[in-house]
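Visitor: One structure, pasted below without further comment.
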Amino acid sequence: MQTDVSRRNFIKTVAVGAGSAAGLTMLGGVPQVFAAQAEAAAPAAPAFEGKPKFAGVHNVRHISEDLVYLGASDSRLALFENVYPIPRGVSYNAYLLLDEKTVLLDTVDRSVSGQFFENLAHALGGRPLDYLIVNHMEPDHASAVSEVLVRWPNVQLICSKAAEGMMRQFFGFEVSAHGYTVQEGDQLVTGRHTLQFVMAPMVHWPEVMMTYDITDQVLFSADAFGTFGALNGNLFADEVNFEAEWLPDARRYYTNIVGKYGPQVQDVLKKAGGIPIKTICPLHGPIWRDNLGWIIDRYDKWSRYAPEEDAVVVVYRSVYGGTENAAKVLATRLSQGGLRNVAVYDVSKVHVSELIAECFRCSHLVLASITYNMDIFTPMKNFIGDLAAHNLQNRRFALIENGSWSPVSGSRMAQEMGSMKDMTQVGALVSIRSTTNEESFAQLTALADALLTDLGHAAPTAAASEQPAAQATNRWVCTVCGYIEERDELPDDFTCPVCGVGKDKFKKVE
Ligand code: FEO
């Protein structure tokens, strides 16, 4: 009995004889004795049809009369792609078009395939599945492709030419044995609907394509316009508070997963700009049927590497607190100058995917790092490397270095940032020796003023005007953080606005 056959044969054989001895034998070399037992028992064994008539629990929702959402969410996975934390989970979206022909658009990740197949069978309601369109081969969407072919052996598979090799690599079959490849502009008429294929290479893999339903003006956008976050009942973006609750994850998803490929996303946006779109059906997250311009505008900015907001993100790496204190002194001075959009992060504590997203959001970056092994401290160095890997560009940046004997992290960071496209340094490097002193405090103040000016914000004099002792004759220095207060006398209840210590920690500058 044959025990060594290709996976292509496995697919085809099981498809026509699921549960038969022949099918079992094809499973990569099943021992002959087992195969013989299976063959003997075969006549009594019913063909496998999944859960009885797929009558189990289903969780589908109609997007329109003949378009059904079949996806499912995974709220147990900790790390998407084994890298990105997803505390809000993630959805894997798939869609079924119920026209004269039935068309499945993409499948799901292995983790939710049980729910997906129940949904699919329920939505088909006993009808055959005619077409399976695979817009994206990444396994979070294509894991169930081979099982669809097994369950519906007559389905016609449709994918891009670039997906052919991946079908072979992941599943071991030739596309030509189960369907065909399509090119830019090819169309599939399914009855009332006409579907047109739009190639979208590198959004986010090279084989990606999108499918546009000309009839109902629906764009099945693959990974584009997707986001982390499980769908918990609400399916449409207009059913949730997207900007408040979803945007940070949408930004983090885009910038980390697709951020490197801005020019390719721009190409697709240009194509999309030429067609009327009423609905966007992505492979992750809510469906867009309202206010499409808002999310398209975000994608346009992200993919052009244009800052989303006039804002400062300060990312620091400290060991004993000196560099952290400098970062917070700077943030305080920016706030005193009237800037409210300031975010401060410890690169050692905040996941790098959050930091990448914040750097895409903000117009100005401040990096503050100690010196370590005559270089940038490792977590900061890795973070800057990640920024470069994600192709971040077109930002204004400022630097703070610290070193107790030979500070060099500033020049190293300047070198790394300078190697990225269209990065411009603002203000002078702030150089700290262990802790902030009067001199470095003055440098931080000057840097804050330079950033404020660069942001078109309050003039430096306005920043200083928030200090109550404009006419003061005395200057008081905080012995803990170096903050200087200018006023005649400090009141008994005075506390340092930077580090919070009381009046007793201040001494008069003579
Ligand atoms: Fe959601 Fe590129 O896969």
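Visitor: Counting only C-alpha contacts under 8 Å and six or more residues apart, can you give the relative contact order of the chain as a whole percent?
Guide: Relative contact order here is 9 percent.
Visitor: Here's something else I'd like to know. Restricting to DSSP H runs of at least four residues, report the calculated mean residue ellipticity at 222 nm for the chain, -39500 (n - 2.57) per run over all residues, nearest 500 deg cm²/dmol.
Guide: Computed mean residue ellipticity for the chain: -9000 deg cm²/dmol.
Visitor: Of TRP405, TRP205, how do they rank once you tally other Cβ atoms within 10 Å and put the fewest first?
Guide: TRP405, TRP205
Visitor: In terms of modelled amide H atoms, which long-range or inter-chain residues lie less than 5 Å from the amide H of ILE432?
Guide: GLU401, ASN402, GLY403
Visitor: Same structure again: If you rank ARG340, ARG361, ARG298, ARG317 by fewest surrounding Cβ atoms within 10 Å, what's the result?
Guide: Sorted ascending by nearby Cβ count, the order is ARG340, ARG298, ARG361, ARG317.
Visitor: If I fit a long axis through the Cα atoms of helix 352-361 and take the longest principal axis of the Cα atoms of the chain, what angle between them do I get, 0 to 90°, rounded to 10?
Guide: So the helix axis and the longest Cα principal axis differ by about 70 degrees.
Visitor: On to the next question. Around THR227, which amide H atoms from residues at least 5 apart in sequence, or from another chain, sit under 5 Å from its own amide H, with H modelled in the peptide plane?
Guide: So THR227 has HN proximity to HIS284, GLY285.
Visitor: If the reach is capped at under 22 angstrom between alpha carbons, list the lysines near LYS260, excluding any in the same chain fewer than eight residues apart.
Guide: Within the straight-line limit of under 22 Å, LYS260 reaches these lysines: LYS270, LYS271, LYS301, LYS381, LYS421.
Visitor: Give me the extension gain from ARG110 to ASN59: residue separation times 0.36 nm, minus the current Cα-Cα distance, reported in nm with one decimal. If you can, show how the numbers build up before the last one.
Guide: Working: separation 51, 0.36 × 51 = 18.36 nm, distance 1.69 nm.
Between ARG110 and ASN59, full extension yields 16.7 nm more.
Visitor: Still on this structure: How far apart, in nanometres, would the label points at GLU239 and ILE214 be if each is projected 7 angstrom from Cα along the Cα-to-Cβ direction?
Guide: 3.1 nm
Visitor: Please list, in order along segment 190-207, the HN-Hα scalar couplings obtained from phi with the Karplus expression 6.51 cos²θ - 1.76 cosθ + 1.60 (θ = phi - 60°), rounded to whole Hz, x for Gly and Pro.
Guide: Residue by residue, segment 190-207 yields 10, x, 6, 9, 10, 9, 10, 9, 10, 6, 9, x, 6, 10, 10, 10, x, 8 Hz.
Visitor: Rounded to the nearest 0.05, what FRET efficiency do ARG88 and GLU510 give with R0 = 56 Å and r taken as the Cβ-Cβ distance? Could you check?
Guide: Computed FRET efficiency for ARG88 and GLU510 comes out at 0.50.
Visitor: What is segment 202-276 by shape, rounded, prolate or oblate, if you read a ≥ b ≥ c off the alpha carbon gyration tensor as root eigenvalues and call it rounded for a/c under 1.5, prolate for a/b larger than b/c, and oblate otherwise?
Guide: The shape class here is oblate.
Visitor: With the Cα gyration tensor of segment 112-166 giving a ≥ b ≥ c as the square roots of its eigenvalues, does the rule (a/c under 1.5 for rounded; else a/b larger than b/c for prolate; else oblate) give rounded, prolate or oblate?
Guide: Cα axes put segment 112-166 in the oblate bin.
Visitor: Apply the Karplus curve 6.51 cos²θ - 1.76 cosθ + 1.60, θ = phi - 60°, to the phi angles in segment 244-250 and return the couplings in whole Hz, x for Gly and Pro.
Guide: Here the 3J(HN,Hα) series is 7, 9, 10, 4, x, 6, 5 Hz.
Visitor: Once you order the gyration tensor axes a ≥ b ≥ c over the Cα atoms, which shape class does segment 226-339 get: rounded for a/c under 1.5, otherwise prolate or oblate by comparing a/b with b/c?
Guide: It comes out prolate by the Cα gyration axes.
Visitor: Let me know the charge dipole size of segment 243-399 about its Cα centre in debye, to the nearest 20, where only the beta-carbon of Lys, Arg (+1) and Asp, Glu (-1) is charged.
Guide: 240 debye
Visitor: Let me ask another. What order, most packed first, do the peptides 424-436, 327-339, 488-500 have when packing is the mean number of other Cβ atoms within 10 Å of each residue? Walk me through the numbers before you get to the answer.
Guide: Working: 424-436: 18.8, 327-339: 22.4, 488-500: 14.0.
The densest-packed peptide leads the list: 327-339, 424-436, 488-500.
Visitor: Further question: I need the peptides 61-73, 139-151 ranked by packing, meaning the mean over residues of other C-beta atoms within 10 angstrom, with the highest value on top. If you can, show how the numbers build up before the last one.
Guide: Values: 61-73: 19.5, 139-151: 21.7.
In descending order of packing, they fall as 139-151, 61-73.
Visitor: Tell me, what ³J(HN,Hα) does each residue in segment 398-403 have, in order and in whole Hz, if you take phi through Karplus 6.51 cos²θ - 1.76 cosθ + 1.60 with θ = phi - 60° and put x for Gly and Pro?
Guide: Using θ = phi - 60°, the values come out as 9, 10, 10, 10, 9, x Hz.
Visitor: Another one. Counting other beta carbons within 10 Å of each residue's own, what order do LEU195, LEU120 fall into, fewest first?
Guide: Result, fewest neighbours first: LEU195, LEU120.
Visitor: Let me ask you something else. If I model a spin label as a point 7 Å beyond the Cα along the Cα-Cβ vector, how far apart are those points for ASN437 and ASP488 in nm?
Guide: 3.2 nm
Visitor: Please give the per residue volume of the convex hull enclosing the alpha carbon atoms of the chain, rounded to a whole number of Å³.
Guide: 182 Å³
Visitor: Something else: How high is the FRET efficiency from THR194 to LYS349, r the C-beta distance, R0 56 Å, rounded to 0.05?
Guide: According to the calculation, E is roughly 0.60.
Visitor: Using a 10 Å cut-off on Cβ atoms, rank the peptides 258-267, 175-184 from the highest mean neighbour count down.
Guide: 258-267, 175-184
Where a number appears in this text, it was derived from the coordinates with a stated rule and is not lab data. No experiment lies behind these values; they were computed from the predicted model shown. Cβ atoms come from the backbone with ideal geometry, glycine included; neighbour counts cover every protein chain shown.
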